[in-house]
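Student: Handing you a structure now.
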Amino acid sequence: MESARIIATVARIVRDVGIAEEIAQDALVAALEQWPRTGVPDRPGAWLTATAKHRAVDLVRRRETYARKLAEAGRELTEETYDPEPSGPGDIDDDLLRLIFTACHPVLSAEARTALTLRLVGGLRTDEIARAFLVPEPTVAQRIVRAKRTLAKAGVEFETPYGEERAARLGSVLEVIYLIFNEGYAATAGDDLLRPGLCEDALRLVRVLQALVPQEGEVHGLAALLEIQASRTAARTGPDGEPVLLAEQNRRRWNRLLIRRGFAALERAGTGPYALQAAIAACHARAVRYEDTDWRTIAALYERLAVAAPSPVVELNRAVAVSMAYGPETALDMVDRLAAAEPGLGDYHLLPSVRGDLLARLGRGEEARAEFERAAALTRNERERALLRARAAGSAGPGR
């Protein structure tokens, strides 16, 4: 939970994200060795941060070429908590956001930037990142290792970008924040459907960006999307943590403050991909009941999104909207064509899940059961697996 903040703090001292990650891990090892004897401190995050900072300064002291950085770091040692340096006009007053901009340096490929930042800031494992990108896990592992080496070799410092350089990195930064939120909103693996801490980090970061670059429409578009999506969090799980489908959610539990914030951000958004997704989310938020959802508008928005940011996942979501607006048969044809054209979706559990839902609505219960079982076998989230198995059991009844 504290890893990203510790890495961000240490990176500012040692000016190397790879070394910062190693020092953060060393601090955790120290905690595992000491806390069983001394007890967990009242503020474990502050203990870990202080331990990591001292180790970072020790490293700086051992390097004569870091004399200037040592002078800066030494002034901080007497402080129990980390105090950021005074910021200049347009500076980034957030170490985590500064870390994201550093990891999104143009010296890295777009894929490497996102993978590295999700690892350092989001705390995602390589298998979770691979799931998000629909690529093999070894590919992601290699991207992360190479990215750290490239940053070190290029001498990229932990710094604030300005002007054109900041604009060049902004797209990658937005993508990273979006993926961090998505992992929190629907966890790839584990026993819980949600990882609220990741959603909160993503929301905080995008709000900082809104203040930093208020002229960027897509920043407001992403903010609108995340605010509206986050508004549903309390209604997405039941008393025991089980998933609650959108059609069955108690909309009175949706957070109206977050929805209002999302609508306000949407008014400042442009017409880019995040703004289009926010407009889709807004359609759901405006519907008092599930039955009131304007599915034809949503389907049209997905069609525009498929042009602006084409991807197999967008097409799958578009098929769902089409099924609600125009019927499951048309959508099933779309899904089958998509599956044939995109072999990368073969291990994506939402593909058989959507197909199972469409087959169930067409009364083809046994086929639906097989698809739900396949989806359950593919997901690594225990809550989703239980839901899909329950849907499989319910599909082979009257619809057979």
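The values are calculated or read from the model by the stated rules, or taken from the named source; none is laboratory data. All values derive from a computational prediction rather than experimental measurement. Cβ atoms come from the backbone with ideal geometry, glycine included; neighbour counts cover every protein chain shown. Side chains are part of the model used for accessible areas, which takes the heavy atoms of the whole protein and leaves out ligands, DNA and RNA. Shrake-Rupley method; radii C 1.70, N 1.55, O 1.52, S 1.80 Å.
Student: Quick check: from the Cα gyration tensor, does region 187-247 come out rounded (a/c under 1.5), prolate or oblate? Before the final figure, lay out the partial values.
Tutor: On the way: a/c = 3.40, a/b = 2.23, b/c = 1.53.
Because a/c hits 1.5 or more and a/b exceeds b/c, region 187-247 counts as prolate.
Student: Any idea of the accessible area per residue across the chain, 1.4 Å probe, to the nearest Å²?
Tutor: Per-residue accessible area for the chain comes out at 48 Å².
Student: A further question on this structure: Could you give the distance between the Cα centres of region 291-325 and region 1-38, to the whole Å?
Tutor: 43 Å
Student: Right, next: Rounded, prolate or oblate: pick one for region 167-207, where a ≥ b ≥ c are the square roots of the eigenvalues of its C-alpha gyration tensor, a/c under 1.5 means rounded, and failing that, prolate if a/b is larger than b/c, else oblate.
Tutor: Oblate, because a/c is 1.5 or more while a/b does not exceed b/c.
Student: Which whole-Hz ³J(HN,Hα) couplings does region 41-50 yield from phi under the Karplus relation 6.51 cos²θ - 1.76 cosθ + 1.60, θ = phi - 60°, glycine and proline marked x?
Tutor: Whole-Hz 3J(HN,Hα) from phi for region 41-50: x, 4, 10, x, x, 5, 4, 4, 5, 4.
Student: Once both axes come from the Cα atoms, what is the angle between helix 295-308 and the longest principal axis of the chain, in degrees from 0 to 90, rounded to 10?
Tutor: Around 50 degrees separate the two axes.
Student: Please determine, in degrees from 0 to 90 and to the nearest 10, the orientation of helix 163-185 with respect to the longest principal axis defined by the Cα atoms of the chain, where the helix direction is its Cα long axis.
Tutor: Helix 163-185 sits at roughly 60 degrees to that axis.
Student: Given a 1.4 angstrom probe, I'd like the percentage of the accessible area of the chain that is carbon and sulfur, rounded to a whole number.
Tutor: 51 percent
Student: OK, next. Report, to the nearest 10°, how far helix 196-212 tilts away from the longest principal axis of the Cα atoms in the chain, using its own Cα long axis and a range of 0 to 90°.
Tutor: Helix 196-212 sits roughly 70 degrees off the main axis of the chain.
Student: Taking a ≥ b ≥ c as the square roots of the eigenvalues of the Cα gyration tensor of the chain, is the shape rounded (a/c under 1.5), prolate (a/b larger than b/c) or oblate?
Tutor: Prolate is the answer for the chain, as a/c is 1.5 or above and a/b outweighs b/c.
Student: Another question, then. May I ask you to derive the FRET efficiency for residue 389 and residue 287 from their Cβ-Cβ distance with R0 = 30 Å, giving the value to the nearest 0.05?
Tutor: 0.55
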